[in-house]
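Below is one structure, written out as structure tokens, with a few remarks after it.
The values are calculated or read from the model by the stated rules, or taken from the named source; none is laboratory data. Fair warning: this is a prediction, and the values are worked out from it, not measured in the lab. So basically every Cβ, Gly included, is an ideal-geometry build from the backbone, and we count neighbours across all protein chains shown.
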Amino acid sequence: MGLTPIMTMLMEELIVTFAKIDKKSPRFKILKRRTEETLRSNAHSRTDQFAVANQLEGLQEKFQILNRDELADALRTRLTELNEHQNSYFPEILSFLLQLADRPVQLSKVDRIESFKSQEHAESPSWTELDVSGAAYSEEDIWEPVDFGAGSSDDDLSSVASDSYHARTFPHTSIALEEDYVIPEELFSSGEDEDLLVSIKSAQFWRNEVNVSTGQPESVSSHVLTELQIVRETIFMLQGLPTSLFWRLDGSVEVDRRYRLAHLSSETLSSLLHSFSSIGSKIDVLRRYNQVPRIIPYMQTFHRGIEDRLCEFDRLLSDMQSQYLSQSGVVAVSLLQLFENVLRESKLLLLLADIVSSLKHDTSNNPVRCLDLLYDSVCMTQATGDDNEFKFLAQLFFSCFETYARPIRLWMERGELEESLQDSFFIRDNRNHEQDLRTLWHGWYTLDESAWFSNAPKFIQPIARKIFVAGKSMVFLQHLDVSEGETNARKSLLTFGDVFPEDSTSNYMPFSALLDSAFGRIVDENHSFTSSLLRRELGQQCGLWVSLQALEHIYFCKDMSVFGSIDSKIFDLIDRGRGAWDDRFLLTELAQSAFGTLPFIDSSRVVVRSIKDPHNKPNTRGRSVKILRAISFDYVLPWPVANIITKEAILSYQRLSTFLMQIRRAKYTIVKQWPRYSHVVNRDSQNRNDTLAYSLRHNMLWFLNTLYSHMTDFVISTATTSLRKDLSGCNDVDAMVAVHQSYTSSLEDQCLLSKNLYPLYEAIITLLDLCISFADLQSIRYNQTTTHPKSAQKVHGHDQYQSDDEDEEDELDDQDNPEPEEKHIRLHETQYVQRLKDTRDQFNQHIVFLAAGLKGVGRANAQISWEILAERLEWRKERAADHV
């Protein structure tokens, strides 16, 4: 049975703690192997003690049911006695006894248990009791020595073994070896091999030689080596083997200066050997680096590339050594020639050692640092013209990059992320258990820009966003049930041949440019393919354009013949002073009935929501347009479209819809008063006060019409046309989302709904409230002089906001709530005139402020729509002032 990672980790910590050794020591590996073998051999599960207890209780119940109470009592008594002597192996023993039991009800007797206990105390019989006289077996010669040689044959062996094996006992003797036994030397060597032994001993120059004359060890500092010996030691050192001429200390290779060469000066030899030691030190860096296992996949590929190069270098060293030691003597032993060969063959290893040293001294713990260093080395070797080194490093780089790019290919081709690489990848999976498809594009996956430079190589960073979008598009298409055959027709693998094709003039271009071009081309193909397929699905299957058309009619009132009935009902309920004017169920039913006539709107998706607005206070009695903030229209979009038209965009639509409804509310209030009181005004058309009221009413209607037509016919219409054109030319969903966000932001700015234009928006709201206040003033004026004949409304008809049914409802409801409370206040003529003049002054003042403010922000932000509105307000204001 294999050990789990947790058991392995605990076992290693236990060995280090008790043995007090390091994990890198050979003894640690031996102890770990023995411990694993012990754990595997004892990996049998223990007996379930609760199951054994249940079996024993069941056995007692069985005894009682079968009227064997004495057996049940005896078993219970002995189990009680057993509990007084606890032992960890009791469950195994009891389980074993239960398995040996054979029909305990029929074959078990209590008296047999008692007799067995008495037999335990009986003494065992002695030899004298068995044979008091001692004459037994006296006649047999069993004590005599056996002659195995006499009369033996092959035929008698079987009979002897079968007849006398059990009847005879053979004596056992042991042969003791001599403790001081010395194996003779002649058993190991003969006189013919003496020359070989002498040559071997003479080759071991590190042994202290004994001077024949003095009998003392010869000083090693004066020992002269042959060039072949130094070459052999140098090759051993380069292969990572221990030597006497070179020794290792703190990661570096030092030269032992006690040895010298007869035909070379000590300084020259020392300089040459130090050059070898410098190369050996860097190669040792690679050997130590390869001894540490790697976890990151592409680092494992880099590890394998270094290992292969080291093996090739060791093979070359072995070939050199075999040539030097050959009997032919064709190759002359030369330390300088060896240095040239080693320097030539170790260039790649020295470059790799520099990379490994940079990784070792890098404290940023960057998982993609190795790829960046390889990338820089490839560019450098190409610039210096080292073709062999460049080709090797480039192939090693592509091998590592192919491993690193595996999650990138998986993401772009299938839209999947490997869970094991979440901490070392630049894309984060933010999905939770409750996955809302409406937030798929914006919430499920994010591009981790905080760890951008640590989790993405620098040559990937410019195109990381396209990789991110291509994978998200694949996830989107999978949830749209697009067939895999349509999404798997592209390439995402990059090889060395793709960047450097044979017999191509582009090979003279810089490596960085060729890599960016090749990899960028693959990413662009995947990005373009998935994005175009997704845009096609959104437009043809998901109803993007139909949804945009529906939003335009619901929020921007493109067709007033449909929205007029909704306005009339809401405004009429407010004027009647009913508290349930914002009943969401009533308004939802009204909106669904009105929009159900349009074929491109799914009326079941239309919902009117009611919001508790702080401006909706009882004392206002609905006489401010701010009350309309309490309701909002909502259109539940299909989830694919909701990923493009986000929730924030719907809030912008709702703010625009409320603002347009406020303008229509002010106009509705003024227009509604005219047919009721125009018959009174016509009696004295020459009255100066009536002329002032007419002029003020005319200016207000002009302002409302100018403002509403500017917002709808110029701002919204132009922006919507531009939106459709821009959406058709978008490359991916991110661009479509950005275009739509720009569209809603532009609408809010041009309609004065952004935060930096709040004073101008408040000025418009004040003007709208003035319009409602003027209508209420007119109502008070004419209510105190005459009542409202029901026939008057029929004579003068109704405006665009009222229907025949609503007129009848007005006649029925006038008895209950005829007019607001202010309409019962009686005004003198002077008070009426003064309020008219105050209303006119406030109206003109706010018009001037609004026009000046629009011109100011228009110049600052170069927004032409504000300047156009300002010019229209100033032009009309001057004409109106001349008439007044």
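When you scan the range 275-282, do you find a residue that is at pLDDT 90 or above and under 30 Å from GLU402 (Cα atoms), even just one? Walk me through how you get there before you give the answer.
Taking the range 275-282 as the starting set, the residues that turn out to be at pLDDT 90 or above are 275-282.
With under 30 Å from GLU402 (Cα atoms) added as a condition, the list becomes 282.
Yes; the residues of the range 275-282 include at least one that is at pLDDT 90 or above and under 30 Å from GLU402 (Cα atoms).
Checked against (1) out of contact with any Phe, Trp or Tyr (no Cβ under 8 Å at 6 or more places or on another chain); (2) loosely packed, with under 15 Cβ neighbours inside 10 Å; (3) part of a helix (DSSP H, G or I), SER275 passes all but a single condition, namely (1).
On the stretch given as the range 8-28, residues that are surrounded by 11 or more Cβ atoms within 10 Å (Cβ to Cβ) and either in the same structural domain as GLN291 (by TED's automatic domain parsing) or of a type in the set (Val, Ile, Thr) (or both) total 4. Just to be sure, is ASP386 out of contact with any helix residue (DSSP H, G or I) (no Cβ under 9 Å at 6 or more places or on another chain) and either more than 19 Å from ARG304 (Cβ to Cβ) or assigned by TED's automatic domain parsing to the domain that holds ILE427 (or both)? Taking the combined requirement at face value, the residue does not satisfy it.
Checked across the range 424-438, the condition of being part of a helix (DSSP H, G or I) and modelled with pLDDT under 85 holds for at least one residue. From the list LEU107, LEU3, LEU31, the one residue that fits, being of a type in the set (A, V, I, L, M, F, W, C) and either exposed (fewer than 10 other Cβ atoms within 10 Å of the Cβ) or over 41 Å from the mean Cα position of the chain (by Cα) (or both), is LEU107.
To keep it simple, each residue is scored yes or no on (1) over 48 Å from the mean Cα position of the chain (by Cα); (2) at pLDDT below 85; (3) of a type in the set (Phe, Trp, Tyr); (4) surrounded by fewer than 19 Cβ atoms within 10 Å (Cβ to Cβ).
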residue: LYS667; (1), (2), (3), (4): yes, no, no, no
residue: VAL680; (1), (2), (3), (4): yes, yes, no, yes
residue: ARG688; (1), (2), (3), (4): yes, yes, no, yes
residue: ARG697; (1), (2), (3), (4): yes, no, no, yes
residue: LEU704; (1), (2), (3), (4): yes, no, no, no
residue: ASP713; (1), (2), (3), (4): no, no, no, yes
residue: LEU727; (1), (2), (3), (4): no, no, no, no
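Consider the range 301-328 and keep the residues that are surrounded by 14 or more Cβ atoms within 10 Å (Cβ to Cβ) and among the polar types (S, T, N, Q). The one that is modelled with the highest pLDDT is THR301.
Is it true that ASN67 is loosely packed, with under 11 Cβ neighbours inside 10 Å and closer than 30 Å to LEU100 by Cβ?
yes
Listed by first and then second residue, the pairs linking a residue in the range 651-672 that is more than 24 Å from HIS698 (Cα to Cα) to a residue that is among the acidic types (Asp, Glu) and not in a helix (DSSP H, G or I), with Cβ atoms under 6 Å apart and 6 or more places separating them unless they lie on different chains, form an empty list.
Evaluate the following for ARG438: is it of a type in the set (Lys, Arg), over 30 Å from MET509 (Cα atoms) and in contact with an Asp or Glu (Cβ under 6 Å, 6 or more places away or on another chain)? Criteria not met by ARG438. Of note, LYS558 does not satisfy the criterion of being surrounded by 15 or more Cβ atoms within 10 Å (Cβ to Cβ), charged (D, E, K, R) and modelled with pLDDT of 90 or more. Would you confirm whether or not the range 449-457 contains a residue that is at pLDDT 85 or above, over 26 Å from GLN300 (Cα atoms) and in the same structural domain as GLU525 (by TED's automatic domain parsing)? Looking for residues that are at pLDDT 85 or above, over 26 Å from GLN300 (Cα atoms) and in the same structural domain as GLU525 (by TED's automatic domain parsing), one finds none in the range 449-457, hence no. Under the condition of being surrounded by fewer than 17 Cβ atoms within 10 Å (Cβ to Cβ) and either assigned by TED's automatic domain parsing to the domain that holds ALA470 or among the polar types (S, T, N, Q) (or both), the residues counted in the range 729-749 number 4. Scanning the range 269-295 for residues that are more than 21 Å from LYS23 (Cα to Cα) and of a type in the set (A, V, I, L, M) yields LEU269, LEU272, LEU273, ILE279, ILE283.
To keep it simple, each residue is scored yes or no on (1) of a type in the set (Val, Ile, Thr); (2) farther than 18 Å from GLY58 by Cβ; (3) out of contact with any Asp or Glu (no Cβ under 6 Å at 6 or more places or on another chain); (4) modelled with pLDDT of 55 or more.
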site	(1), (2), (3), (4)
HIS85	no, yes, yes, yes
SER88	no, yes, yes, yes
SER108	no, no, yes, yes
ASP111	no, yes, yes, yes
SER124	no, yes, yes, yes
ASP131	no, yes, yes, no
ALA135	no, yes, yes, no
